[in-house]
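First the structure, in the form of structure tokens, and then the observations on it.
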Amino acid sequence: MLRAAILSSKLAFTSLSLTFPLKNNHVEMNFDGRNISLLADSGGYRSYLVYGGWYESIYGSNSCKDLASGCYFCPPTDPCDLASLRAQKIHSVGYGSGRVIRFVERRVSLKLSKGKIRNLRVGLMIGSSRVEDGEQPFATLGLSIPSSKPITEAAIPPLLSQFVSARAISETAFSVRVSEFGVGITGQLILGESAAKREDTKFFPLSNVSWSAALFAIPASGVRVQSAPHGSHVRELSMKRDSLPVAIDTGCDVTTVPKEVWTMIWATIASTFGHQHVASRPSTLHPTSFHHLYARIDPKGWIWLRRTMTEYLPRIIVQGAAGSTFEVDLRYHSNLCEKEWCRLLISAGGSPDAFILGGPFLAQHDVYVNFDRKEIGISTPDRPVVKQFASHESWDQMRAPPCGRRAQSCFTVATRRCIKRPVRK
């Protein structure tokens, strides 16, 4: 049984939850004596570590010290090398962005403050198209569970499920509490925590997303965009179906909305600022003529605003299927700046159903997800959340560090978009 396979360590865990510091969307965990920084990704259920023998076979000895996530090496008590790993069954996972990861299964031990969990099953990365494209691979902590098929012994179970089986946590659940928002989100990731008994917590049913094997969502019955501060301009989404799934992805820096919602956002900005102060065709304008503008759209489709105008951004109001609502405050989406201009971290999805709330939303709300009860809780933080303006340079240093010795530089991606979901198989 899965429980017997995992719980080889006879530890008595006194806590029903595990808390990890969250820094810039990453958590640090110690596997077999190696500190690994993992992207906390609620948009996926697989967890990977980067095998150091593979990475250093490409970039040379000691190149792992330059890998942002850190490398995993097999311990002397259970040795391995690249040849022996390649002799195992190799799994490949394709993502909607075209990325491919190749990995083998490995049993590892996770060190905790009060004990250790042995025989956890994770993926050990021995191939990635990111490296082929000159980008750093990274370790990932999948926080979701698969929706397309049941968890079986043949597949690597999600770590959350393994923690429950090891009696390290009581429920297949997690919560995110952000204390600082700048280059990513910083705060706490709590695994297995029961929902807080706070009066302002709103609960929504958890549903699956048809075009993703792992994303979970809140079914929305209505979406409207309302201007700030008095809401004199309100635009409502024309619903073409009974409900629209609104997903939450901790691994994304950008909130992705359906194209119609993006158009509503821009129209509300134009009405608020005045049409004479916005430009939707900036490619025809020389930068020197931006002096009269408060907002503009660049050739790549990103909305830019003057830093002094970000406080007047609209809100997205999402109504759940049961009638409760929550807000997406776009002021939390405007902290990536170049001098006086700030980019709105809102992307128009390629699908009419692509509505994915990224890191900026988590800076505005505490979010609790329980897969056993199939519910999502959203509440207002009971503490101040520090919002910091970040430059493109600081984003690039964090999101696109040097790849290694072989490459002169990495492909620079200032923000991690949300359309990166695993392809269903």
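Computed from the coordinates by the stated procedures, all read-outs in this text should not be read as laboratory data. Please read all numbers here as calculations on a predicted model, not as lab measurements. All Cβ positions, even for glycine, are placed from backbone atoms using ideal geometry, and neighbour counts span all protein chains on display.
Numbers below:
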| read-out | value |
| --- | --- |
| The stretch 212-218 - phi-based ³J(HN,Hα) in whole Hz, Karplus 6.51/-1.76/1.60, Gly and Pro as x | 9, 7, 9, 4, 10, 8, 9 |
| Note, ³J(HN,Hα) from phi for the stretch 366-382, Karplus 6.51, -1.76, 1.60, rounded to Hz, x at Gly and Pro | 7, 10, 10, 10, 10, 7, 5, 8, 6, 9, 10, x, 10, 9, 7, x, 8 |
| Subset of Lys23/Lys114; Lys116/Lys202; Lys259/Lys300; Lys300/Lys339; Lys240/Lys387; Lys114/Lys202 violating a 25 Å alpha-carbon distance limit | Lys116/Lys202; Lys240/Lys387; Lys114/Lys202 |
| Potential extension, Asp200-His91 segment - 0.36 nm per residue separation minus Cα distance | 34.8 nm |
| Built amide H within the under 5 Å cut-off of Gly349, gap 5+ | Val257, Lys259 |
| Model label zone, Leu82; criterion: amide N under 18 Å from point 7 Å along Cα-to-beta-carbon; scope the stretch 44-61 | 49-61 |
| Within straight-line cross-link reach of Lys65, aspartates and glutamates at Cα separation under 18 Å, skipping those fewer than 8 residues along the same chain | Glu28, Asp32, Glu56, Glu135 |
| Part-to-part distance (alpha-carbon centres) for the stretch 158-234 and the stretch 93-132, which is given in Å | 24 |
| Karplus 3J(HN,Hα) series, Hz, for the stretch 84-92 with 6.51 cos²θ - 1.76 cosθ + 1.60 (x for Gly, Pro) | 5, 5, 5, 6, 7, 5, 9, 9, 10 |
| Estimated distance in nm for a label pair at Gln276 and Asp298, the labels positioned 7 Å out from Cα along Cα-to-Cβ | 2.8 |
| Nonlocal amide H pairs with His26, under 5 Å, H built at 1.01 Å | Ala40 |
| Under-5 Å amide H pairs with Ala321, H placed in peptide plane, nonlocal only | Ser221 |
| Order by protection proxy (mean Cβ within 10 Å, highest first), peptides 157-164, 51-58 | 157-164, 51-58 |
| Contact order relative to length of the stretch 2-191, as percent, for alpha carbon pairs under 8 angstrom and 6 or more apart | 33 |
